[in-house]
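Down below is the structure, laid out as structure tokens.
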Protein chains: 2
Amino acid sequence: MPKIRISPALTLLFCLLAGTPLLLHGQQRQRLSAGWQFVRMDMANAWEVFRPVVPDKPESVPLWQDVTLPHCYNAVDAVSPDVNYYQGAAWYRTLLTVDNPYTDGHTLLHFEGVGQKARVYVYTREVARHVGGYDAWDADITQAVREFRQTEVCRSQFHGRVPVAVRCDNGRDTEMIPSDMSDFCLYGGIYRPVYLTYLPQGYLADVAVTPRPVHGSATVEVSGSVQGLRGQPLVHVRVVSPRGSVVADRRVKTDGDHFSASFTLHRPLLWSPGAPMLYRCELVLEQSEPYRHTEQFGIRSCWFEEHGPFLLNGRRLVLHGTHRHEDHAGVGAAMTDDMIRREMQQIKDMGANFIRLGHYQQQDLVLHLCDSLGLLVWEEIPWCRGGLGGERYRAQAEQMLTAMIRQHRNHPSVILWGLGNENDWPGDFPEFDRDSIRAFMSHLNDMAHRLDPTRLTSIRRCDFAKDVPDVYSPSIWAGWYSRKFTDYRSMMEEAAATVPRLLHIEWGADSHAGRHADQVATDVVAGDRNGDWSETYAVKLFDWHLREQAMMPRLTGSAFWSFKDFATPLRPNNPIPYVNEKGVVQRDGTPKETFYVVQSYWATRPMLHIYGHTWPERAGRERERKEVLVYSNCSRVELLVNGVTMGMRSRRLADYPAAGFHWSVPLRQGDNTLVAVGYSGKTVLRDTVVQRYETRPWGTPVGLRLTRVNGKAGEQLVEARLVDACGVTCLDASRFICFACSDPTALLVDQGTATGSRRIQLANGRATIRLAHAADGCQVSAWLEDGSVPRAGIDL
Amino acid sequence: MPKIRISPALTLLFCLLAGTPLLLHGQQRQRLSAGWQFVRMDMANAWEVFRPVVPDKPESVPLWQDVTLPHCYNAVDAVSPDVNYYQGAAWYRTLLTVDNPYTDGHTLLHFEGVGQKARVYVYTREVARHVGGYDAWDADITQAVREFRQTEVCRSQFHGRVPVAVRCDNGRDTEMIPSDMSDFCLYGGIYRPVYLTYLPQGYLADVAVTPRPVHGSATVEVSGSVQGLRGQPLVHVRVVSPRGSVVADRRVKTDGDHFSASFTLHRPLLWSPGAPMLYRCELVLEQSEPYRHTEQFGIRSCWFEEHGPFLLNGRRLVLHGTHRHEDHAGVGAAMTDDMIRREMQQIKDMGANFIRLGHYQQQDLVLHLCDSLGLLVWEEIPWCRGGLGGERYRAQAEQMLTAMIRQHRNHPSVILWGLGNENDWPGDFPEFDRDSIRAFMSHLNDMAHRLDPTRLTSIRRCDFAKDVPDVYSPSIWAGWYSRKFTDYRSMMEEAAATVPRLLHIEWGADSHAGRHADQVATDVVAGDRNGDWSETYAVKLFDWHLREQAMMPRLTGSAFWSFKDFATPLRPNNPIPYVNEKGVVQRDGTPKETFYVVQSYWATRPMLHIYGHTWPERAGRERERKEVLVYSNCSRVELLVNGVTMGMRSRRLADYPAAGFHWSVPLRQGDNTLVAVGYSGKTVLRDTVVQRYETRPWGTPVGLRLTRVNGKAGEQLVEARLVDACGVTCLDASRFICFACSDPTALLVDQGTATGSRRIQLANGRATIRLAHAADGCQVSAWLEDGSVPRAGIDL
């Protein structure tokens, strides 16, 4: 076989970077990461992108920035407090060394996702367009490269390399999905992996592996299309079991442009969250330069009983789920493979067995991790809010549904194809017609069943069409968007009666990291929310929901919204501006208290966590008793306060909160050391928290005190504390504070986190900002937005 | 006549704001300034702009900003050192109270200039489009308003007011003029006045007043079109002389859609720069609701003799000219009327009698000021650089030429219609064809002559088409872009031989305000420039040019480039990034040294200025003699150094530099007081400068010293000085320095001036930054971009 001009080591590296083993993709491909330039504006055309430039001459502007892919051009401004995030066109350019090793081979650029519309150019020639920011697609550059190489400019200006440009556009467009009324950023950029792929003349496409378990065995159908080749070559199909043995091996003829093969596997190893067994199907299209392709698959059955429960491989499994956006502090949608791996592992460690990839198709690595970690998946298309558009809009929705199913149907983790979200939400058009929406949803529902007869469909929140999908989730946000969280059970019972298959998707509460409260009223209303945005309220709400869910005998499952805080253009006035703070971890992955609540209910590995690690100071009267909560899945926990035992408790679900691990304890003025000791079989766990107790009531705020502090992970922070005339922290203060520094690079800002925001609400009178580097010799300054106390500064 | 719902006082205010007397515009109009909102992004459509909004709900974003018109959306980023200026769409919206007092009247929005493309909407209905950022145009909203008022949404959502939106777009487009290769910003925004205008059913348009002086008298032709009316009403025409007497009064019939009248004025008062006599032509279209209209005009003849000179009213006038862009610190193109008035007065005070409005049609106020101050005008269309586009491009050029001539032909100040600039500059298209450019220029030339047979045409720099226009300027930048400035005369002579009518447009040099040099070599080459970017070099170059020009007997005139520093996307690496520093005043109007050089040659009012007001420190050996220059139009000047006279000198053009006012004087270590005393007839003028003289040579720079200083106009500044180990200023240092403050509002930045730039080259080892407010309790920090010395801070 001809050699591609990258070393084997590099090939391996690319594959590792891509997050999928080389074998999964028999064709030769290299991931394109370095060597790109970017400009965040529209260019008149590709000529302006590639015309010859003399330094300092007019052609040298605009200035391009060197970037590495993946790259999201809203990495910063999505959460910048002072601007609307950029929505519009932007360009990427690179020079490729194209060296296809195959005779009459195909050269493709494979994009895993570009936000939100894209055009690809080889020099000034447009070679591909794509609409939709979440599905994968190819730009076939074979012919354009061939012809460009004939040109004089190829030799003289580019020395044989191939100039490639990608124009992205995330501009507002009501005839595009998702709607700008969606509660997340419509990010721009080449924010997922890109590959340069060489295919031989003939190759396989659209390979489907469809396993069906039947009475202790399973049938596996393998089919696909044959592209680029005349004649009827053979396809060699091998199936390798999770344990490495070849369990099927056959050569099949191609039938014109297609091939298919069917196998029966006896006593298959079933895939489940607890044992995610993965088979491998290896395909070779036999020609002079063979094409190799590998798909992973798993064998499992799943079923939603009418009115519950959910069955996996014939046994009840309660779906313990969460949600994820492709969004992370500092990078926006352009999460690195490492970030994705860490996040998915964190979700698994929390105890989840289910995830809704809301509200759009996610990248291959995510699905591969769901397969290998054992996370069942609801994946959906971004038909989200705003109403129903015209032909262009509908064509895009259909195309994205088709792409999602074709591209991800071989993943055993996927159990539901979501058709949309909140399609009862009007706004993008003067007209809003329920009948049209119902009709279009039915059309998509039929389409999904036709494309994949093995899976069910789902919708969250569109009550006037709840009979359309196979599985439905109403909107139940007990204690947040409606009623009290203690009403959860009755709300669920009401809803369950109205549809045969209910899965409760989206529940939870915003929590501003670091905000805590001694008393949480369940009927507090802040704005149109039914809570006070404290971690305490969220913890109580999560605790209640999880307890109730654990006691519902026919519950199929649920998924709280959302695993991680994420950027949204819709919430400029949130405590962290432009951040949806419903995550159980912050936007950089730092756990909030709710993370441990969930873990205490769902995880099997012993864990123990005293509520209040980010609650350094609480207040009350002398000798008043204060609630201490410990979240743990241990069978017994003992609490000690300042060395004195407060008693051992046993885990009892009925004993809310914290499944019985709650104490009412006396705290003394000044520092108090809380130690919890948990017992789980032979395992003994300890957790310690030091909390300051303040018995002096605070008065009118008079100033900000800034101090330099060390974070838990060794990071350097500046903490601002709003104090009264006696220096007592004003623990109820929640005003907006702003930070700046005389060295503009010194602060880590625009992260959308509690320690990385230039503008943020105080949490219990406090806020912190992280230093990006040692930053000596400069001054950090902080001020309240309302100007009610003097600006404060600290010299570093 | 029906009453408009604005009080007379308000009407007057609007007229004063508009800068033109009410009488000039008989129709009722109000300037729209307050009550607008702006968003710097594209919206999907006008529905998104006006749909109902509930606070904090999805429709509430993006966030709109309250703005006052005129408004330029590149006011800040045009000169921001870290970004490419925004080029793309943006929206404005307002709610108008429309109350047209006329029966079947017309309601127009009159835009004096919107960058660079515009669409106007009444609610969701598009009512007008315009391409071209520099000519005036109307959006007729009569019908759209009438129909909108029938709608339910008008009553329910807008309470009878009329929602109007304007979408601007200054995105890159090679099929639009001017080219993005132009050396100025293609600003975006409604950056010129906008009026809501009510016209009666019939009205006059396109009124031309064409005076022709003939042997001691003058004929005046008045013509125009009649719009909106059937029948043949009378037009009452009156001409009022500059002294207020009615010198003509006649009723003329309209001929279908047109009218015309002709008068002879005996012994007319001629218009000239020294006596800008303005006549008034008052027109009334006689109908039940009369339409009134007034035009100013002036009577003058002008002629370019072959090979010079230029004659005004039959006598030689040397054109002493400069250039202006619509650009100012802090506002971009959206200069206020006050700013414009001050600038035009400053140009007049400098002694100019001529201005090229380069490179585009400017707003009415500018032309009115040229008329009333006495500044002859070369006005041109922005066909500038890049090559020649296709049909859309050419149609726009034709349309802009037509608009410019129709809109400004009644101004007596205008003497030349410029067809373009640097049309020999390729780059926007792969092809560049001289013949096509020649052909198109000839076409424009014919068009201009057809539209206005009374004026000549002109072009600067397109040597292969120099025979096309009536008047031609080659590119002669002696001492800057080519050769030495002492070669100026020979370069002019060479050029003059090649065309019959030469006017030297564009000469000068960049000067970085505050940079001075004791020795100026005429053969220094910095980059591709032939000077050192010092004010000293520019002063010497200007001095030489002006002296030579004063001694050229057949010179028609010249115009130096440019009056004021201005923003340009092409020069990110200039000493002030993104600022073309060729102005004789800074971007905020602060004079540089060259201003006084020009004034000393051109102004008639006595003036005196010692070179070096911004040169606080110079260096040399002990007892070395140093040059002191005084720029003055006085006949005699005496210089005193530290109280000791250095002698009286007489003004002698032949005695370069400073027309003889140069001395070689001894300075002592430390402060030296220089006093110049000038004598002009009975007027005695004095000027004083204190300069520190440093005899210690400086060594390696070791640090920055920051001090708080008071500016001359009372402003507060922080000065940074790069010093060696002994504290001696490193006077040759020209590295980039950056400023920041822990209070982000404290520094006045992004002004494009020497005291208003976050990133700027040191001038003689110094740089200053201005404080926007008292700014106590914060820290200003400064650092060299190359990191070669430690960051420095000063606590305020």
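The values are calculated or read from the model by the stated rules, or taken from the named source; none is laboratory data. If you're wondering where the values come from, they're calculated on a predicted model, not measured in any experiment. Backbone-built Cβ (ideal geometry, glycine too); neighbour counts: all protein chains shown. SASA here: full protein model, heavy atoms, side chains in, ligands and nucleic acids out. Shrake-Rupley method; radii C 1.70, N 1.55, O 1.52, S 1.80 Å.
Listing for the model above:
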{"item": "Hits in the stretch A:746-796 (condition: among the hydroxyl-bearing types (Ser, Thr, Tyr), surrounded by 20 or more Cβ atoms within 10 Å (Cβ to Cβ) and under 22 Å from B:Ala775 (Cα atoms))", "result": "A:Ser781"}
{"item": "Test: residue in the stretch A:709-716 that is buried (at least 19 other Cβ atoms within 10 Å of the Cβ) and either of a type in the set (A, V, I, L, M, F, W, C) or under 33 Å from the mean Cα position of the chain (by Cα) (or both)", "result": "no"}
{"item": "Subset of the stretch A:362-380 (residues that are open to solvent by 10 Å² or more (accessible area, probe 1.4 Å) and of a type outside the set (Asp, Glu))", "result": "A:His368, A:Leu369, A:Ser372, A:Leu373"}
{"item": "Search result, residues across the stretch A:232-267 that are farther than 16 Å from A:Leu204 by Cβ and open to solvent by less than 20 Å² (accessible area, probe 1.4 Å)", "result": "A:Val240, A:Ser241, A:Ala248, A:Phe263, A:Leu265"}
{"item": "Which listed residue is surrounded by fewer than 23 Cβ atoms within 10 Å (Cβ to Cβ) and farther than 17 Å from B:Gln751 by Cα, from B:Glu535, B:Glu493, B:Glu506", "result": "B:Glu493"}
{"item": "Candidate set: the stretch A:733-753, residues that are assigned to a strand (DSSP E or B) and in contact with a Phe, Trp or Tyr (Cβ under 8 Å, 6 or more places away or on another chain); chosen: the one nearest to the other protein chains (Cβ to nearest Cβ)", "result": "A:Cys738"}
{"item": "Checking B:Trp477 against (1) in contact with a strand residue (DSSP E or B) (Cβ under 7 Å, 6 or more places away or on another chain); (2) on the phi < 0 side of the Ramachandran plot; (3) at pLDDT 95 or above, the condition it does not meet", "result": "(1)"}
{"item": "Subset of the stretch B:641-652 [more than 21 Å from B:Thr683 (Cβ to Cβ) and in a loop (DSSP other than H, G, I, E, B)]", "result": "B:Asn642, B:Gly643"}
{"item": "Given (1) in contact (Cβ under 8 Å) with a residue 60 or more places away in the chain; (2) open to solvent by 30 Å² or more (accessible area, probe 1.4 Å); (3) within 34 Å of the chain's Cα centre (by Cα), index of the condition A:His293 fails", "result": "(2)"}
{"item": "Residue satisfying condition, being closer than 30 Å to B:Glu147 by Cβ, within 14 Å of another protein chain (Cβ to nearest Cβ), open to solvent by less than 10 Å² (accessible area, probe 1.4 Å) and touching a strand residue (DSSP E or B) at 6+ places or on another chain (Cβ under 8 Å), within set B:Pro178, B:Pro200, B:Pro163", "result": "B:Pro163"}
{"item": "Residue that is more than 14 Å from chain A (Cβ to nearest Cβ), farther than 24 Å from B:Val579 by Cα and without any contact (Cβ under 8 Å) to a residue 40 or more places away in the chain, where the choices are B:Thr103, B:Thr68", "result": "B:Thr68"}
{"item": "All positions within the stretch B:551-573 that are in a loop (DSSP other than H, G, I, E, B) and either over 27 Å from B:His328 (Cα atoms) or among the hydrophobic types (A, V, I, L, M, F, W, C) (or both)", "result": "B:Met551, B:Met552, B:Pro553, B:Arg554, B:Leu555, B:Thr556, B:Phe560, B:Trp561, B:Phe563, B:Leu570"}
{"item": "Residues of the stretch B:44-63 classified as open to solvent by less than 40 Å² (accessible area, probe 1.4 Å) and more than 9 Å from chain A (Cβ to nearest Cβ), total", "result": "3"}
{"item": "The stretch A:106-131 - residue that is closer than 15 Å to A:Gly189 by Cα and among the small types (Gly, Ala, Ser) and, of those, nearest to the other protein chains (Cβ to nearest Cβ)", "result": "A:Gly115"}
{"item": "Residue match in the stretch A:346-359 (condition: touching a helix residue (DSSP H, G or I) at 6+ places or on another chain (Cβ under 8 Å) and within 18 Å of A:Asn421 (Cβ to Cβ))", "result": "yes"}
{"item": "Test: B:Thr94 is more than 10 Å from chain A (Cβ to nearest Cβ), closer than 30 Å to B:Asp338 by Cβ and touching a helix residue (DSSP H, G or I) at 6+ places or on another chain (Cβ under 6 Å)", "result": "no"}
{"item": "Residue count for the stretch B:79-113, restricted to those that are open to solvent by less than 20 Å² (accessible area, probe 1.4 Å) and closer than 20 Å to B:Met181 by Cα", "result": "6"}
{"item": "Every residue from the stretch A:763-796 that is of a type outside the set (Ser, Thr, Tyr), more than 10 Å from chain B (Cβ to nearest Cβ) and within 15 Å of A:Asp724 (Cα to Cα)", "result": "A:Asn764, A:Gly765, A:Arg766, A:Leu784, A:Val789"}
{"item": "Condition broken by B:Asp138, with the remaining ones in (1) within 14 Å of another protein chain (Cβ to nearest Cβ); (2) surrounded by fewer than 20 Cβ atoms within 10 Å (Cβ to Cβ); (3) closer than 30 Å to B:Glu380 by Cα satisfied", "result": "(1)"}
{"item": "Residue in the stretch B:428-476 that is least open to solvent (accessible area, probe 1.4 Å), counting only those that are within 14 Å of another protein chain (Cβ to nearest Cβ) and over 26 Å from the mean Cα position of the chain (by Cα)", "result": "B:Phe429"}
{"item": "Flag if B:Thr322 is of a type outside the set (A, V, I, L, M), out of contact with any Pro (no Cβ under 6 Å at 6 or more places or on another chain), open to solvent by less than 10 Å² (accessible area, probe 1.4 Å) and at pLDDT 95 or above", "result": "yes"}
{"item": "Selection count, the stretch B:390-423, where residues are acidic (Asp, Glu) and either closer than 20 Å to B:Gly115 by Cα or touching a helix residue (DSSP H, G or I) at 6+ places or on another chain (Cβ under 6 Å) (or both)", "result": "1"}
{"item": "Breaking point among (1) crowded, with 19+ Cβ neighbours inside 10 Å; (2) in contact (Cβ under 8 Å) with a residue 40 or more places away in the chain, for B:Ala517", "result": "(2)"}
{"item": "Residue check for A:Glu305: acidic (Asp, Glu) and either within 30 Å of A:Trp507 (Cβ to Cβ) or surrounded by 19 or more Cβ atoms within 10 Å (Cβ to Cβ) (or both)", "result": "yes"}
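Residue by residue, here is whether (1) within 22 Å of A:Asp452 (Cα to Cα); (2) among the hydrophobic types (A, V, I, L, M, F, W, C) holds:
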position: A:Val209; (1), (2): yes, yes
position: A:Val220; (1), (2): yes, yes
position: A:Gly228; (1), (2): no, no
position: A:Val239; (1), (2): yes, yes
position: A:Asp255; (1), (2): yes, no
position: A:Leu265; (1), (2): yes, yes
position: A:Gln287; (1), (2): no, no
position: A:Glu295; (1), (2): yes, no
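Listed here are the residues, each with its yes/no results for (1) in a strand (DSSP E or B); (2) open to solvent by 40 Å² or more (accessible area, probe 1.4 Å); (3) over 25 Å from B:Lys712 (Cα atoms).
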| site | (1), (2), (3) |
| --- | --- |
| B:Gly583 | no, no, no |
| B:Gly589 | no, no, no |
| B:Tyr596 | no, yes, no |
| B:Gln599 | no, no, no |
| B:Pro606 | no, yes, no |
| B:His613 | no, yes, no |
| B:Arg623 | no, yes, yes |
| B:Val628 | yes, no, no |
| B:Leu639 | yes, no, no |
